[in-house]
1. Could you size up the charge dipole of the chain around its Cα centre, putting +1 on the beta carbon of Lys and Arg and -1 on that of Asp and Glu, and report it in debye to the nearest 20?
2. Mind checking which lysines have their Cα closer than 27 Å to the Cα of K219? Skip sequence neighbours fewer than 8 apart in that chain.
3. When a/c reaches 1.5 or more, the comparison of a/b and b/c decides; with that in mind, is the chain rounded, prolate or oblate per its Cα gyration tensor?
4. Hey, what number do you get for the chain at 222 nm if only DSSP H runs of n ≥ 4 count, each worth -39500 (n - 2.57), divided across all residues, to the nearest 500?
5. Rounded to the nearest 10 Å², what accessible area does E159 have for a 1.4 Å probe in the complete protein model?
6. Grab the other residues whose beta carbon is less than 12 angstrom from that of E89, score K and R as +1, D and E as -1, and report the net.
7. May I ask you to rank R314, R143 by accessible area, largest first, using a 1.4 Å probe over the protein chains only?
8. Please give the contour-minus-distance gain from R143 to H286: 0.36 nm per residue of separation, less the Cα-Cα distance, rounded to one decimal in nm.
Amino acid sequence: MPPTEAALQASFDATIAHHDRIEPRDWMPEGYRKTLIRQIAQHAHSEIIGMQPEGNWISRAPSLRRKAILLAKVQDEAGHGLYLYSACETLGVSRAELVELLLAGKQKYSSIFNYPTLSYADVGTIGWLVDGAAICNQVPLCRTSYGPYGRAMIRICKEESFHQRQGYELLMTMMRGTDEQRAMVQESVDRFWWPSLMMFGPPDDASPNSEQSMAWGVKRNSNDELRQKFVDMTVPQAEALGVTLPDPDLRWNAERGHHDFGEPDWAELTAVIRGNGPCNAQRMAHRRAAHENGAWVREAATAFAARTAQEAQR
Ligand code: BYC
């Protein structure tokens, strides 16, 4: 006799309680599957759309060395998108469907990629702050309860750490340069600081998904916990770099053992998520055009696979 739904649920609950992994063929509640598809797809789309702001500078890199580093980083992001789409496909949805959902505006991508990159210093700042925030958020996801997602995150995190370091090294080099270069770095940090804090999502009391996602072990920490960790990690790095973080309320709180910091503009995050950030329309138009221009590659690959299969049968 097949196990009852209650027995399946009990076995799922026990796996979660033991911090063991759920694997693709295991029974899982529909809500868990939907939450994973939502989060992993959003993450995959973020990696792919995240290639645009930095890709914008590949042809204008200031040296061969910088160009090689930036090319490698942007290619890594394409790879991250592919690992994540593959992890998501194990949940019974195809990559083509996920891309359609993104293009139809039914799935999201990270707010951070809706801000423009105005100078080469932004390549460094994205590495330092955006990849730094990504690492804070993603290292705990290596222990997420869904096996394929956790395993994809391990590899992604290793590469993110190279991304963070190349950004910091670029900014450090610029800070050792001319007054003009130092001013470029400060101006870039001023623009990216608050949007980086928003990457962690809304505050815990306004985060509709956190409670259930944490109960399922999909998320291991709350949005505010990770935001605090990021601020604590970044302040000494900013001091070593010689830049000021644009927050007058930022100070060490000895009692809490953490830095206090100002409130991000949550109305701005909501607007950007709803599609009204500075670059949303541009990012989606570019993504749509790339998808349409790549149609012949998908068709050719499908035809080739069909012919190879036919020949193998013969
Ligand atoms: N931007 O209940 P909440 C990268 C949405 S890639 C847009 O707290 P949750 C990189 C949220 O989806 C970085 N939307 O949600 C790549 C939800 O809407 P839905 C991407 C956001 O899921 C290239 C609603 O707001 N990282 O690092 O519990 C180059 C309510 O939020 C944002 C990931 O995707 C946002 N910032 O927590 C360089 C990490 N924040 O879906 C770097 C994996 C919230 O209900 N994802 N929303 O319609 C996560 O850890 C979680 O999904 C989040 C949000 C912490 C982002």
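The values are calculated or read from the model by the stated rules, or taken from the named source; none is laboratory data. Computed from a prediction, not measured in an experiment: that's the story for all the values here. Heads up, the Cβs are rebuilt from the backbone with ideal geometry, glycines too, and the neighbour counts pull from every protein chain shown. Each accessible area value is taken on the protein alone, full model and side chains, heavy atoms only, with ligands, DNA and RNA left out. Shrake-Rupley method; radii C 1.70, N 1.55, O 1.52, S 1.80 Å.
1. Working: 34 positive and 39 negative charges, 242 e Å.
Dipole size: approximately 1160 debye.
2. K34, K73, K106, K108, K158, K229
3. On the way: a/c = 2.05, a/b = 1.27, b/c = 1.62.
Note, shape of the chain comes out oblate.
4. Numbers: 14 runs with 199 residues, N = 314.
Theoretical 222 nm ellipticity from helices: -20500 deg cm²/dmol.
5. E159 has an accessible surface of roughly 40 Å² with all protein chains in place.
6. On the way: positive: R95; negative: E97.
Here the charged neighbours net out to 0.
7. Numbers: R314 210, R143 135 Å².
Final ranking, largest accessible area leading: R314, R143.
8. On the way: separation 143, 0.36 × 143 = 51.48 nm, distance 3.39 nm.
Residue separation times 0.36 nm, minus the Cα-Cα distance, leaves 48.1 nm.
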